[in-house]
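K.L.:
My questions will all concern the structure given below.
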Amino acid sequence: MSDAGSFIVIGAGPGLGSAAARRFGREGHPVGLIARNADRLATVAADLDCKGVATATETADVTDAEALSAAVGVLRERLGPIEAVLFSPRPSLAWIKPVLDTGPSDVASALRLSVVAAVAAVHAVLPDMCRRGRGTLLFTTGGAAVEPHRDRAVSAMAYAAESSYVRMLHDALADQGVHAAQLTIVGPIGPGARHEPDAVAQELWRLHTEHDRPLAVLR
């Protein structure tokens, strides 16, 4: 176990999750990765291992609160106290529909991923953070959180709810040494896209280290 607290990525993938893991790993934080796809986790972990980052993985459906809590617990045992968590699961493209085509099941699925799972993640890590008097809860959302569009209705609804939750967390935890912050990325992320993953990861690192705001928007 490292003296630096661990960094856990919930919804880890080869894009932003991997970039964030590299950024935090570069500062000496061991990294834990959670996602449903074991092959994807193995690919990301292999890249981190090559860079000398202590890494552990756990497969779990993040919408299953018990499975998510168990995965977090295993990573805590393997990597030590959790210093920071990034909640950044990727929504299904099938949910992205015009508002008039968006049904109750679409909204329920999106809320289950973006809000219910976020609450479960927080409940899995917050008690230890509060006992230690330190920690960071990081969340990412797409641009629909600040620029709702009728053709991406379910994202706008789910991200609005998640944004409200993060802001309330920030206000409730401000005097307990735990920082909650949201990074909203407007536009595409990827190599050569508007937002390079490494640049977004650097902004997440800044939010973690500076604790200066509950929301940052990259346009």
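K.L.:
Suppose we filter the range 21-65 for residues that are out of contact with any Pro (no Cβ under 8 Å at 6 or more places or on another chain), in a helix (DSSP H, G or I) and crowded, with 19+ Cβ neighbours inside 10 Å; how many remain?
P.N.:
The total comes to 7.
K.L.:
May I pose another question? Every residue in the range 117-134 that is surrounded by fewer than 18 Cβ atoms within 10 Å (Cβ to Cβ) and touching a Ser or Thr at 6+ places or on another chain (Cβ under 8 Å), please.
P.N.:
We begin by selecting, within the range 117-134, every residue surrounded by fewer than 18 Cβ atoms within 10 Å (Cβ to Cβ); these are 119, 123, 127-128, 130-134.
If the condition is that a residue be surrounded by fewer than 18 Cβ atoms within 10 Å (Cβ to Cβ) and touching a Ser or Thr at 6+ places or on another chain (Cβ under 8 Å), then H123 is the only one that fits.
K.L.:
Within the range 164-185, which residues are closer than 19 Å to V125 by Cα and of a type in the set (S, T, N, Q)? Can you show your working first?
P.N.:
So the first thing to find is which residues in the range 164-185 are closer than 19 Å to V125 by Cα, and the list is 165-182.
Those that are closer than 19 Å to V125 by Cα and of a type in the set (S, T, N, Q): Q176, Q182.
K.L.:
R150 fails exactly one of the following numbered conditions: (1) over 19 Å from F7 (Cα atoms); (2) touching a strand residue (DSSP E or B) at 6+ places or on another chain (Cβ under 8 Å); (3) charged (D, E, K, R). What is the number of that condition?
P.N.:
(2)
K.L.:
Which members of the range 143-181 meet the condition of being in contact (Cβ under 8 Å) with a residue 24 or more places away in the chain, outside any helix (DSSP H, G or I) and in contact with a helix residue (DSSP H, G or I) (Cβ under 6 Å, 6 or more places away or on another chain)?
P.N.:
Once the filter is applied, which keeps residues that are in contact (Cβ under 8 Å) with a residue 24 or more places away in the chain, outside any helix (DSSP H, G or I) and in contact with a helix residue (DSSP H, G or I) (Cβ under 6 Å, 6 or more places away or on another chain), the range 143-181 yields V178, A180, A181.
K.L.:
Something else about it: Return the residues of the range 38-74 that are under 12 Å from A12 (Cα atoms), free of Cβ contacts under 8 Å to residues at least 24 places away in the same chain and not acidic (D, E); say none if nothing qualifies.
P.N.:
Within the range 38-74, A38, A42, A45 meet the criteria.
K.L.:
Would you please list the contacts, defined by Cβ atoms under 9 Å and residues six or more apart or on different chains, that run from a residue in the range 115-131 that is closer than 13 Å to D64 by Cβ and in contact (Cβ under 8 Å) with a residue 40 or more places away in the chain to a residue that is β-branched (V, I, T) and in a helix (DSSP H, G or I)?
P.N.:
A121/V72; A124/V72
K.L.:
Just for the range 85-99: of the residues that are farther than 17 Å from G13 by Cα and touching a residue at least 40 places away in the same chain (Cβ under 8 Å), which one is surrounded by the fewest Cβ atoms within 10 Å (Cβ to Cβ)? Steps first, please.
P.N.:
Step one: list which residues in the range 85-99 are farther than 17 Å from G13 by Cα, which gives 94-99.
Going one step further and asking which of them are touching a residue at least 40 places away in the same chain (Cβ under 8 Å), we end up with 95-99.
Values: W95: 18, I96: 18, K97: 16, P98: 12, V99: 14.
Of everything passing the filter in the range 85-99, P98 is surrounded by the fewest Cβ atoms within 10 Å (Cβ to Cβ).
K.L.:
Sticking with this one: Which residue, of T209, T184, is β-branched (V, I, T) and closer than 22 Å to R132 by Cβ?
P.N.:
After ruling out the rest, the residue left standing is T209.
K.L.:
Quick one: would you say A216 is surrounded by fewer than 21 Cβ atoms within 10 Å (Cβ to Cβ), assigned to a loop (DSSP other than H, G, I, E, B), of a type outside the set (K, R) and at pLDDT 95 or above? Break it down into steps so the answer makes sense when it comes.
P.N.:
Numbers: surrounded by fewer than 21 Cβ atoms within 10 Å (Cβ to Cβ): yes; assigned to a loop (DSSP other than H, G, I, E, B): no; of a type outside the set (K, R): yes; at pLDDT 95 or above: yes.
In short, no.
K.L.:
Of the numbered conditions (1) of a type in the set (V, I, T); (2) within 22 Å of A35 (Cβ to Cβ); (3) surrounded by fewer than 23 Cβ atoms within 10 Å (Cβ to Cβ), V146 satisfies every one except a single condition; which is it?
P.N.:
(2)
K.L.:
Pick from the range 100-136 the residues that are among the hydroxyl-bearing types (S, T, Y) and assigned to a helix (DSSP H, G or I): which of them is nearest to P14 (Cα to Cα)? Even if it seems obvious, please write down each step before you answer.
P.N.:
Initially, the range 100-136 is screened for residues among the hydroxyl-bearing types (S, T, Y), giving 102, 105, 109, 114, 136.
After this cut, where a residue has to be assigned to a helix (DSSP H, G or I) as well, the list is 105, 109, 114.
On the way: S105: 28, S109: 23, S114: 19 Å.
Result: S114.
K.L.:
Another question, then. Please verify whether L79 is buried (at least 19 other Cβ atoms within 10 Å of the Cβ) and under 26 Å from A181 (Cβ atoms), treating the condition exactly as stated. Break it down into steps so the answer makes sense when it comes.
P.N.:
On the way: buried (at least 19 other Cβ atoms within 10 Å of the Cβ): yes; under 26 Å from A181 (Cβ atoms): yes.
Answer is yes for this residue.
K.L.:
For L137, which of the numbered conditions (1) touching a residue at least 40 places away in the same chain (Cβ under 8 Å); (2) within 14 Å of R213 (Cβ to Cβ); (3) hydrophobic (A, V, I, L, M, F, W, C); (4) surrounded by fewer than 22 Cβ atoms within 10 Å (Cβ to Cβ) fails to hold?
P.N.:
Exception for L137: condition (4).
The values are calculated or read from the model by the stated rules, or taken from the named source; none is laboratory data. This structure is a prediction, so every number in the text was calculated from the model and none was measured. Counting neighbours? That spans all protein chains shown, and the Cβs are built from the backbone with ideal geometry, glycine included.
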